[in-house]
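Below is one structure, written out as structure tokens; comments come after it.
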Amino acid sequence: MAEMEKWRNEIKENLKNVDTSKEMERWKKRSIYRVPVCISDLSKAAYRPEVVSLGPYYHGEEYLEPMEEHKHRALLHFLKRFDHYASNDPVFSEHGMLNLMTHIARDMLKLENQLPMYVLYKLADAETVQSKELVNRLIFSFFFPKRNFSPLGEHLHILDAYRKSLLDGCTSQTDTDRKYEGSITQSATDLDESGIQFQKSKTTSIEDISFQGGVLKLPFAVVDDAFESTFLNLLAFERLHAGVGSEVTSYIYFMDSIIFQKSDVALLQSRGLIENAIGSDSAVAQVFHLLAKGTALDPKSSLREVVKKIDEHCQKPWNQLRSYLVHTYVHNRCPILSLTAAIIFFALTSSQTFYTIFPYYHPRGK
């Protein structure tokens, strides 16, 4: 009984000390997380640095020890304002750029390997009064060398800066129906058979996905060796850091919704929307399937309106008939059936085009 009474008193005392405002400040400051097992089980290697530790979590790990010497050398070069390295330098030379920099770049985007951005800002203070812009510009040019720099304010760490760069360039949509709870149940190939055209978005922002007039616009994506690891860490960051948003999660969910198998990847490649830099089309499809595990479309996502419009397009009897004809007959190996279907398909398409254009030139009541 004495133990129970002691426990009650402790609880009462703790209740007096509860301060939600302090808790909010505490969670705001935290932005570098240990990835829980329920997430890391997808791919344990994706969250561990390969060659260099940047943050404290992996400092001192034996397998990362070889890079420690080079980190100290880089610090000395920085303090001496001396950016020239020997031509045979194993890391900071053309040789290092070719053989190590891709691994270092991946390590810079791992959630457990992050360093608070204010540390980098402080280091840059010794170089220039515009330290924040300098650091942001260096990070941007390192990961996006072919894009024009766009100031995006302050960042929590490099992964946060990278994420904001992926979203940059797309204006937010305000007239969207975000209450729609449907989902895309047809693959890119099926959508193509329903008459939907695929085009590249005007920007590279992963938010720049739209559907209008039977045209689905998607941002161009390069699926390379770093794609899976980078997006797993971006997804983990969005999942663990409250208030950061879920734009990356919604993008992956949407892409996985239209990529069922390798034929869908091949279609998107043929439309110039995906560059496959990892090998087979099946491998690309598997990457999106892995990334999308456990994800859901944010109730506030503007993509809900896109999904709604696509669903409405596919539900129209005209488009359902078109899809049936294309799927059943146009791809049929029998020449006569294919020719017949092609004629019917051409007639339907011509009629659809006529009834779309006619009201424009001959409006009712005029």
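The values are calculated or read from the model by the stated rules, or taken from the named source; none is laboratory data. The shown structure was predicted, so the numbers you read here are calculated from the model rather than taken from an experiment. FYI the Cβ positions are ideal-geometry reconstructions off the backbone, even for glycines, and counts take in every protein chain you see.
Residues in region 4-21 that are modelled with pLDDT under 70, surrounded by fewer than 10 Cβ atoms within 10 Å (Cβ to Cβ) and not hydrophobic (A, V, I, L, M, F, W, C): Lys16, Thr20, Ser21. Residues that are free of Cβ contacts under 8 Å to residues at least 60 places away in the same chain, under 20 Å from Ala283 (Cβ atoms) and among the small types (Gly, Ala, Ser) within region 214-254 comprise just one, Ala221. In region 230-251 there is no residue matching the filter, namely being of a type in the set (Phe, Trp, Tyr), surrounded by fewer than 16 Cβ atoms within 10 Å (Cβ to Cβ) and out of contact with any Pro (no Cβ under 9 Å at 6 or more places or on another chain). Of all residues in region 211-225, those satisfying the criterion of being more than 18 Å from Val248 (Cβ to Cβ) and either polar (S, T, N, Q) or surrounded by fewer than 19 Cβ atoms within 10 Å (Cβ to Cβ) (or both) are Gln212, Gly213, Gly214, Val215, Lys217, Asp225.
In region 149-160, the residue that is nearest to Val244 (Cα to Cα) out of those that are touching a residue at least 60 places away in the same chain (Cβ under 8 Å) and part of a loop (DSSP other than H, G, I, E, B) is Leu156.
Conditions tested, residue by residue: (1) of a type in the set (Val, Ile, Thr); (2) within 19 Å of the chain's Cα centre (by Cα); (3) not in a helix (DSSP H, G or I).
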| residue | (1), (2), (3) |
| --- | --- |
| Leu268 | no, yes, no |
| Gly272 | no, yes, yes |
| Ser282 | no, no, no |
| His289 | no, yes, no |
| Asp298 | no, yes, yes |
| Ser301 | no, yes, yes |
| Val307 | yes, yes, no |
| Asp311 | no, no, no |
| Cys314 | no, no, no |
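Within region 289-302, the set of residues being under 20 Å from Gln199 (Cα atoms) and at pLDDT 95 or above is empty.
Inside region 141-165, residues that are within 11 Å of Phe237 (Cβ to Cβ) and either hydroxyl-bearing (Ser, Thr, Tyr) or touching a Pro at 6+ places or on another chain (Cβ under 9 Å) (or both) make up a count of 3. Looking across region 292-307, the residues that are over 16 Å from Pro219 (Cβ atoms) and not basic (Lys, Arg) come down to Ala292, Gly294, Thr295, Ala296, Leu297, Asp298, Pro299, Glu305, Val307. Does region 267-289 contain any residue that is in contact (Cβ under 8 Å) with a residue 24 or more places away in the chain, charged (D, E, K, R) and out of contact with any strand residue (DSSP E or B) (no Cβ under 8 Å at 6 or more places or on another chain)? Among the residues of region 267-289, not one is in contact (Cβ under 8 Å) with a residue 24 or more places away in the chain, charged (D, E, K, R) and out of contact with any strand residue (DSSP E or B) (no Cβ under 8 Å at 6 or more places or on another chain), which makes the answer no. Entry remark, region 127-148: residues being in a loop (DSSP other than H, G, I, E, B) and either surrounded by 13 or more Cβ atoms within 10 Å (Cβ to Cβ) or in contact (Cβ under 8 Å) with a residue 24 or more places away in the chain (or both) number 3 in total.
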